[in-house]
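First the structure, in the form of structure tokens, and then the observations on it.
The values are calculated or read from the model by the stated rules, or taken from the named source; none is laboratory data. Given the structure is predicted, the values throughout are model-derived calculations rather than measurements. Quick reminder, even Gly has a Cβ in these numbers, built from the backbone with ideal geometry, and neighbours come from all protein chains shown. Keep in mind that these areas ignore ligands, DNA and RNA; they rest on the heavy atoms of the full protein, side chains included. Shrake-Rupley method; radii C 1.70, N 1.55, O 1.52, S 1.80 Å.
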Amino acid sequence: MFDDRSPIYYQIAEAIKNDILSGALGADDQVMSTNQYAAFYRINPATAAKGFAQLVDEGVLYKRRGIGMFVSPDARQRLLTERRERFFAEVVDPMVDEARVIGIPLEEIVDRIQAGPQHNGEETTGTQVPEDTRGGAQ
Amino acid sequence: MTHGIDVRNLTARFGDVVALDNLSFSLTGGKIYGLLGRNGSGKTTLLSIIAAFRAADDGIVLVDGREPFENGRVTEQVCLIREAGNVVDGAKVQDVLKMSSNFRPHWDAEYAERLADMFELPMKKKVSSLSRGQQSAVGITVGMATRAPVTMFDESYLGLDAPSRYAFYDELLRDYMEQPRTIIMSTHLIEEVSRLFEEVLILDQGRLVAHDETDTLLRRGMSVTGPASSVDEFTSGLTVLNHQQLGGTKSTTVFGQIDEDKRAKARAAGVELGPVGLQDLFIHLTNGGGEQR
């Protein structure tokens with residue numbers, strides 16, 4: 001489930017966001033408690049709590065005193081907007097920069113995208129395998 | 001019931017050998033702490049002094065504000081399980097559990113039985129006749145069921161196979177969440193347990209080289225990879241723990257605060273910044289040849 005690429009609490013927050021984006025967690029659904037999360041992923045509960053606190057700060061989750069944490073009604077919309085911005089900033093903009101450097105006209109890129117994938121995409125989808133399929137078994 | 005631990009200018013010697021060298025730190029308590037260090041770094045000596053198994057030569061240790069040495073009110077609150085368990089010769093497993101129930105005010109007999117079942121301990125056998133792993137399991141059972149406000153495991157997993165070790169980690173976490181207390185674990189199996197630690201202390205040659213929240217500590221370590229000249233420029237002024245070079249590419253491990261500004265500059269210069277795992281950080285921080293500060 002976790003790797004060394006970034007702090008674990010951040011990865012917890014990302015995993016929950018992905019569940020909200022995919023629809024696995026809906027609006028006002030209760031999420032696992034920090035203790036359940038800690039036990040399931042074998043991590044310190046303070047680390048799990050940090051991930052949850054970040055999501056509360058960002059408005060993705062809200063707390064109900066004595067009951068637990070729930071998904072904010074507008075969380076999915078909020079995350080979609082955030083991911084959309086990130087997509088342009090992290091995927092499209094660098095691609096355009098690179099295209100400029102090597103002299104590819106933007107029209108050619110647009111044509112290519114509109115024509116659909118030119119070759120079988122099987123190999124390139126390797127990185128898209130959801131992480132949770134290998135969780136919990138270590 | 002969170003017992004803090006204060007260590008001030010603690011020094012311990014064995015003849016001419018200085019095992020702990022003017023060590024000072026403070027634990028607020030109620031957390032799971034990882035105590036890391038190479039063999040002979042002073043881990044066991046430190047834990048033994050906290051548990052009042054021996055006295056300090058200099059300096060002071062306070063558990064919940066009181067000195068533990070020859071102070072029964074403190075020592076009954078502290079439990080140290082050493083690598084082979086603290087077991088009287090000739091005692092059977094059931095005797096060890098019985099004795100613990102007599103001496104330990106928070107002893108949970110039912111829990112001890114549950115753990116003994118989980119580890120499949122033979123109650124009527126002498127502890128000395130058990131395998132190394134089973135002896136460790138006896139120690140863990142005693143350490144957990146004692147429910148001491150300060151519980152310390154000093155490499156208490158030797159000989160345990162991986163499934164039993166993970167069963168121990170799961171049990172530790174579960175019971176800690178139910179009854180938060182101060183837990184200190186010394187271990188060499190860093191990769192296995194680092195995620196259980198809220199804070200980490202690293203000892204090297206009797207001195208503390210790091211003490212921080214695990215996440216914070218990890219964020220201070222970083223690998224810097226790229227063209228040698230750019231890497232050197234980036235790492236100048238930072239604590240360099242290790243470096244490797246292959247052709248014109250250099251990879252340097254640094255330790256210290258690196259702000260967002262500097263990160264952005266690195267990316268612009270084609271230098272790749274990567275995280276360092278706790279095990280690697282530990283190796284570099286305690287490597288005899290590495291810089292100390």
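Some notes on this structure:
- All positions within region B:46-68 that are closer than 17 Å to B:T182 by Cα and touching a residue at least 40 places away in the same chain (Cβ under 8 Å): B:L46, B:L47, B:I50, B:A51, B:V61, B:L62, B:V63, B:D64, B:G65
- Of all the numbered requirements in (1) open to solvent by 40 Å² or more (accessible area, probe 1.4 Å); (2) of a type in the set (G, A, S); (3) farther than 20 Å from B:D170 by Cα, B:S100 misses one, and that requirement is (1).
- A search for C-beta distances below 8 Å between a residue of region A:48-67 that is open to solvent by 70 Å² or more (accessible area, probe 1.4 Å) and any residue that is in a strand (DSSP E or B), counting only pairs 6+ apart in sequence or on different chains, returns A:K63/A:M69; A:K63/A:F70; A:R64/A:F70; A:I67/A:Q30.
- Pairs with Cβ under 7 Å, 6+ apart, first in region B:201-215 and within 14 Å of another protein chain (Cβ to nearest Cβ) and at negative phi, second crowded, with 18+ Cβ neighbours inside 10 Å and part of a strand (DSSP E or B): B:D212/B:E199; B:D212/B:V200; B:E213/B:E199; B:T214/B:E199; B:T214/B:V200
- Selection from region B:4-45 of residues that are among the charged types (D, E, K, R), open to solvent by 70 Å² or more (accessible area, probe 1.4 Å) and in contact (Cβ under 8 Å) with a residue 40 or more places away in the chain: B:R8, B:R13, B:R38
- Test for B:E233: is it part of a helix (DSSP H, G or I), surrounded by fewer than 16 Cβ atoms within 10 Å (Cβ to Cβ) and under 32 Å from the mean Cα position of the chain (by Cα): no
- Subset of region A:23-47 [surrounded by fewer than 19 Cβ atoms within 10 Å (Cβ to Cβ) and of a type in the set (S, T, N, Q)]: A:Q30, A:S33, A:N35, A:Q36
- Those helices (runs of 4 or more DSSP H) lying entirely in region A:27-138 with at least 1 residues at pLDDT 90 or above and of a type in the set (D, E): A:45-57, A:75-87, A:93-101, A:106-115
- Checking each residue in region B:54-83 for being touching a Lys or Arg at 6+ places or on another chain (Cβ under 9 Å) and not in a loop (DSSP other than H, G, I, E, B) picks out B:D58, B:G59, B:I60, B:V61, B:L62, B:R66, B:R73, B:V74, B:C79.
- Hits in region B:266-286 - residues which are aliphatic (A, V, I, L, M), within 12 Å of chain A (Cβ to nearest Cβ) and open to solvent by less than 20 Å² (accessible area, probe 1.4 Å): B:V276, B:L278, B:L281
- Criterion: basic (K, R), farther than 30 Å from B:G159 by Cβ, away from chain A (no Cβ under 13 Å) and buried (at least 18 other Cβ atoms within 10 Å of the Cβ) - qualifying residue of B:K262, B:K250: B:K250
- Comparison of B:Q257, B:Q245 shows that the only residue that is assigned to a strand (DSSP E or B) and not assigned by TED's automatic domain parsing to the domain that holds B:S136 is B:Q245.
- Residue in region B:169-200 that is modelled with the lowest pLDDT, counting only those that are aliphatic (A, V, I, L, M) and touching a Lys or Arg at 6+ places or on another chain (Cβ under 8 Å): B:L189
- For region A:28-37, the count of residues that are on the phi > 0 side of the Ramachandran plot and either within 11 Å of chain B (Cβ to nearest Cβ) or touching a residue at least 12 places away in the same chain (Cβ under 8 Å) (or both) is nonzero.
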